Each structure stands twice: as C-alpha cells, then as structure tokens.
Amino acid sequence: MPISNQIAHNRIRAIFFLHGAAFSSWVPHIPLVQERLGFGHDDLGAILLAAAVGVLAVMPVAGRLSDKFGSERVARYSGVAYFIAVGIPVFMPSFMSIAIAMFALGFFGAFLDISMNANGLNVERAKKRSVMSGLHGFWSLGGFAGAGTTAAWFALPLPVEWHLPVMLTLFLILHLILQRQLLPDAAVPHPAQTHEGSSAKQRAMFLTLLPFGACAFIGQFGEGVITDWATVLMNTELNSGPTMAAVGFACYSATMAITRLSGDWLVTKFGRPQILLSSSACASFGLFVLALAPHYVVAWIGCAIAGIGLAVILPLLISAAAEASGRSGGAVVSTIAATGYTALMAGPPVIGAIGQQLGLVTAFVLTASFLALIIPVYMLTMRKRLYRPSNS
C-alpha cells in the first residue's frame, strides 16, 4: 500500500526528533567524562576529533548509498547502529577506548543524518513546499527534550550511569517502529543525474555548490562548538555545575527548536537572503554574549540568542542548494550537509586546542567572529544563487 505524503512527513519528523534527543542526551555527559578521567581541554578536544574523523570517513559513501539503495533503507539500519553508539563513550575507561567509541558515534551519526536529510528532501519534493527547516526544528525539539530530561535526571537522586542506557533503549525501540513508513525514494520523481558529464560541467556544479558548502561549514562550526563546549565553559569558567550547565544547553535547544519550526514560514515571507544574513549576525552576537558572560544566567541568554541565529542556516542552505543544482537528495546532502557536519564535528577539537593554549573564553570569541563571515561569503558569491522557495 502506498505511503501518504503526510504520514511519511510525520515519520521523518519523528526520526529527526529521536536523532536530536539522543545526541543532546550525550552532550551533558561530556564534562563528567572530562572530570572522571582528568582530561585537559586538549585531551577532550582530541577525543572529539575522533568523532570528526568518523564523520569524514562516512562522507564518501553515505550519499551514494542513500541514492543507490534508498534513503529510507539507509536510515533504517544506520539508526540502529547510531542509537547503540551514542551510549558507549561514557563507559570507556581510557583515552584510546573513548576515541574509538567517539569515532563510531561520529560515523553512524553522520550516516543517519545524511540519509534522513535526503529522505526529508524526498518529502519536500513530494509535497512541493519547503519542509526542511521544520524537520530540523524537530531535531532541535528532540535536542531540547534530551537536554531537559538529562538536566532533570542529574537533579534527581538517580544513578547517572543509568541515564543513557535507559533513554537510548527507548529511542531505539521508537526508531524501529517509526522507520517502517518513511517515504521510499522510488515514490518521488528525481532530477536526471549527469554522471557522465564533462569535467567542465563537474567544475560548474562544484562552483555552484561551493558557497553553500562554505556557509554550511561556518554555521555548523559554531553549532558544534556550542554543542560540545558550552556546558564545559559554564562548568569550568562560571562554576555552574553540571545541572545548571545542562539548563543552558536546554535554553539553546529550545530557541533553536522554536525558530526552526517557524523557519519555513520566515523564509517564505522574507526570503532566503534576509534570513541567512540576520541568522549570521544573531549567531555571532549570541556567542559573544556567551563568551563574555559574568554569570551562568547571562550565559543562558547567550545560548538562547545563538540558538535563534544558528537555527535555520543549514536547512535553508540544503533546500537552496537542491533547488539551484537540481541534484538528487543524497547527492545534495552529501555535498552540503556533509560539509556542515564535518565542521560540526571538527569545530570542537579545534576549539579544544585553542582553549588549552589561550583559554575557552578566547576560543569562543574567535568562534563568534568566524560566524560573521557568512555575511561576506553571501555578498561576494551568493546574491544570485539564493532563490525564494515556492511554497504553496
């Protein structure tokens, strides 16, 4: 029996939600792992780099496999591996074992991420209106739910080591139920691919996608830094403690979710260029507030502002790149989103190295400045390439 577009839309929303919930359930454990094993900022950055290597390792194959076997099938199996991999690092006893576990987390997390974004593009094409920002909004809702649940768990007299096994078991069961009704790639007409194109055509396509990838890299770099280092900054520099640090991350996740859920409407009303530029400015300002906060409550405000700014950058770029290039879902996501997710995973170890040498506050100030570079990239290369989506 054919799957209706609305049912498929709801199911892929739920997959995004679960992915975000699982990842944000792990994030508040990062400072606890650092304290348990006595890692410095450079050591912590190095194990986060292992996750980035895992992301890079999957990039050449994830998009191709999604296009070849169907994004719905790849999402099904990579999701099972991902929900298992998220819970492993907190139990590892040494630097090397955690590094290996983080590689697996990055590898399978990116595999699921690329396939579910490709499936989201299927839904967008089937419904003939923008849905990507809303899907990423459900990822952020999952992030808020995961961070909020973790903060509550830490505040209650419950064993911390039970948290991830309990939550990830629930997420895995839900994933196995939800993945049965994702929209098959075969049910959606895709643009014709030009695999045999000349080198000139390939260069033209590369140049078309390059500025989208550059902006995705910048935006996701900032998102990765906040995700992996904001709780550490609040815990070590502002003496927030793990519970109050988790509240800060929950503020970030909440504003990101609200903005993403309204992002399709905002992009349709004001246009992609205006939303991209204002998002860059807002994200940069939020990180400055977070970096220079005198108290963790002010840091929560910075997290909230940064969440608003970072919310729609990636989904906006994925939709715009798909429209500008005419490429299939797996091809676009593996080029644009994969570039962004590389930054998402590579940003934290870079900031760890800077933080070890110059301090985390300086590292966050540099990240805030980096986020503002989206504006000149747009001004120089993207004025004619960001099209307004034709929402119904």
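What pairs come up if the first residue lies in the range 44-70 and is assigned by the TED database to the domain that holds Gln34, the second is in a loop (DSSP other than H, G, I, E, B), and their beta carbons are under 8 Å apart, counting only those six or more places apart or on different chains?
Listed by first residue and then by second, the contacts come to Ile47/Phe39; Asp67/Ser328; Gly70/Pro184.
Looking only at the range 6-22, which residues are of a type in the set (A, V, I, L, M, F, W, C) and either touching an Asp or Glu at 6+ places or on another chain (Cβ under 6 Å) or modelled with pLDDT of 90 or more (or both)? Write out each step before concluding.
Kept after step one, since they are of a type in the set (A, V, I, L, M, F, W, C), are these residues of the range 6-22: 7-8, 12, 14-18, 21-22.
Answer for the range 6-22, where residues must be of a type in the set (A, V, I, L, M, F, W, C) and either touching an Asp or Glu at 6+ places or on another chain (Cβ under 6 Å) or modelled with pLDDT of 90 or more (or both): Ile12, Ala14, Ile15, Phe16, Phe17, Leu18, Ala21, Ala22.
Can you run down the residue pairs with Cβ atoms below 8 Å, 6 or more apart or on separate chains, where the first is in the range 204-232 and at pLDDT 85 or above and the partner is open to solvent by less than 10 Å² (accessible area, probe 1.4 Å) and not in a helix (DSSP H, G or I)?
Pairs found: Pro211/Met382; Phe212/Met382; Cys215/Met382.
Which numbered condition in (1) under 24 Å from Phe144 (Cα atoms); (2) modelled with pLDDT under 80 is the only one that Ala321 fails?
Every condition holds for Ala321 apart from (1).
Checking Gly120 against (1) open to solvent by less than 10 Å² (accessible area, probe 1.4 Å); (2) in contact with a Ser or Thr (Cβ under 7 Å, 6 or more places away or on another chain): exactly one of these is not met. Which one?
(2) is the only condition that Gly120 fails.
Looking for whichever is among the aliphatic types (A, V, I, L, M), in a helix (DSSP H, G or I) and surrounded by 22 or more Cβ atoms within 10 Å (Cβ to Cβ) here; the options are Met59, Met102, Met96. Which one fits? Show your work before the answer.
Numbers: Met59 fails: surrounded by 22 or more Cβ atoms within 10 Å (Cβ to Cβ); Met96 fails: surrounded by 22 or more Cβ atoms within 10 Å (Cβ to Cβ).
Exactly one of Met59, Met102, Met96 is among the aliphatic types (A, V, I, L, M), in a helix (DSSP H, G or I) and surrounded by 22 or more Cβ atoms within 10 Å (Cβ to Cβ), namely Met102.
Restricted to the range 1-43, and to residues that are free of Cβ contacts under 8 Å to residues at least 24 places away in the same chain and either assigned to a helix (DSSP H, G or I) or in contact with a Cys (Cβ under 9 Å, 6 or more places away or on another chain) (or both), which residue is farthest from Pro242 (Cα to Cα)?
Of the residues in the range 1-43, the ones free of Cβ contacts under 8 Å to residues at least 24 places away in the same chain are 1, 4, 6, 10, 35-36, 38.
Of the ones still in play, those that are also either assigned to a helix (DSSP H, G or I) or in contact with a Cys (Cβ under 9 Å, 6 or more places away or on another chain) (or both) are 6, 10, 35-36.
Details: Gln6: 40, Asn10: 34, Glu35: 11, Arg36: 13 Å.
The residue in question is Gln6.
The values are calculated or read from the model by the stated rules, or taken from the named source; none is laboratory data. Predicted, not measured: the structure shown is a model, and the values here were computed from it. As a convention, Cβ positions derive from the backbone with ideal geometry for all residues, glycine included, and neighbour counts pool all protein chains shown. The area values use the complete protein model at the heavy-atom level, side chains included, leaving out ligands, DNA and RNA. Shrake-Rupley method; radii C 1.70, N 1.55, O 1.52, S 1.80 Å.
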